[in-house]
Amino acid sequence: MIKCIAIDDEPLALRQLSKYMERISDLEVVALCNSAHTAEQVLAENRVDVMFVDINMPDLSGVDFVRGLENPPMVVFTTAYSEYAIEGFRLDAVDYLLKPFGFDEFERAVGKVRSLLELQQLREEQVTPSVEAIPAQPSVENKDCISIKADYKVSLVRYADIIYIESVGEYVRLHLTSGSSIMTLLRLKNMESALPADRFMRVHRSYIVNLGHVTGYARGRVYLDNEEYVPISINYRDSFRDYVESMQPGQIL
């Protein structure tokens, strides 16, 4: 079970979070807190895997609360203001949810938490998958593929089948059009160098997107055709806008 707490000074928002949590079978709600100070006490007395933290709270903001914790659990920030997202990701938040958000967005954030916990478990059990991703050599047979070593085998993955790539600690996870994913031990920057620059773009320190699967851009997010989104950081925003403008002159997504 994934042990979680929610922190929000708004009773309605806290109640909505509680309803979403109840719909996910492997989430165990440890506490619902209406202030950061209450949450501190809960953390001192319980094991918590992830916190859903409202940023804009009186007395002590969610950002300041997380920054003040010595060993914080994973964090998913919730906020009604998109400008706070950048600060959230500077604190290595797993995700941020922009209010009002629906259950699908909440469920995707929990999925990211679940992936990170699975990775931690792999490390604790000292299970070492094959550890390399190497770009396939251009040829008639595999010019549109990349060779990925994972789970003790080599798989040829078509570029077109990769929707986006996510950094998960020392690993990368390839999210595929089939709905499945492949994880291999590799830094995102090494994966980036192995991919064709005209088809893939880095949009965040933790994400690379396949430009062929991008459907839109708004409020600090890149939207993809599998109904997911990834954050875009300020460092990559200009290059992404340049790409959009070059493909569709005069139109900014």
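The values are calculated or read from the model by the stated rules, or taken from the named source; none is laboratory data. The structure displayed is predicted, hence computed values, not measured ones. So basically every Cβ, Gly included, is an ideal-geometry build from the backbone, and we count neighbours across all protein chains shown.
Would you be able to say whether some residue in the stretch 197-210 is surrounded by fewer than 13 Cβ atoms within 10 Å (Cβ to Cβ) and touching a residue at least 60 places away in the same chain (Cβ under 8 Å)?
No, that holds for no residue.
When the stretch 27-47 is filtered for residues that are of a type outside the set (G, A, S), in a loop (DSSP other than H, G, I, E, B) and out of contact with any helix residue (DSSP H, G or I) (no Cβ under 7 Å at 6 or more places or on another chain), the ones remaining, listed by number, are N46, R47.
Hey, among L185, L253, L176, which residue is outside the structural domain of E105 (by TED's automatic domain parsing) and either of a type in the set (D, E, K, R) or modelled with pLDDT of 90 or more (or both)?
Result: L176 is the single residue among L185, L253, L176 that is outside the structural domain of E105 (by TED's automatic domain parsing) and either of a type in the set (D, E, K, R) or modelled with pLDDT of 90 or more (or both).
If you go through the stretch 36-73 and keep only what is modelled with pLDDT under 90 and touching a Pro at 6+ places or on another chain (Cβ under 8 Å), you end up with just V66.
Search the stretch 18-46 for residues being touching a residue at least 40 places away in the same chain (Cβ under 8 Å) and of a type in the set (A, V, I, L, M), and hand back the single one that is surrounded by the most Cβ atoms within 10 Å (Cβ to Cβ).
Among those residues, the one meeting the criterion is L27.
Filter the stretch 151-180 down to the residues that are hydroxyl-bearing (S, T, Y) and without any contact (Cβ under 8 Å) to a residue 24 or more places away in the chain and list them by number. If the condition is that a residue be hydroxyl-bearing (S, T, Y) and without any contact (Cβ under 8 Å) to a residue 24 or more places away in the chain, then Y152, S178, S180 are the ones that fit. Could you tell me which residue of the stretch 57-81 is surrounded by the fewest Cβ atoms within 10 Å (Cβ to Cβ), considering only residues that are small (G, A, S) and closer than 18 Å to E10 by Cβ? Taking the candidates together, the pick is A80.
Put simply, of D95, D49, D54 the only residue that is outside the structural domain of E166 (by TED's automatic domain parsing), in contact with an Asp or Glu (Cβ under 7 Å, 6 or more places away or on another chain) and surrounded by 14 or more Cβ atoms within 10 Å (Cβ to Cβ) is D54.
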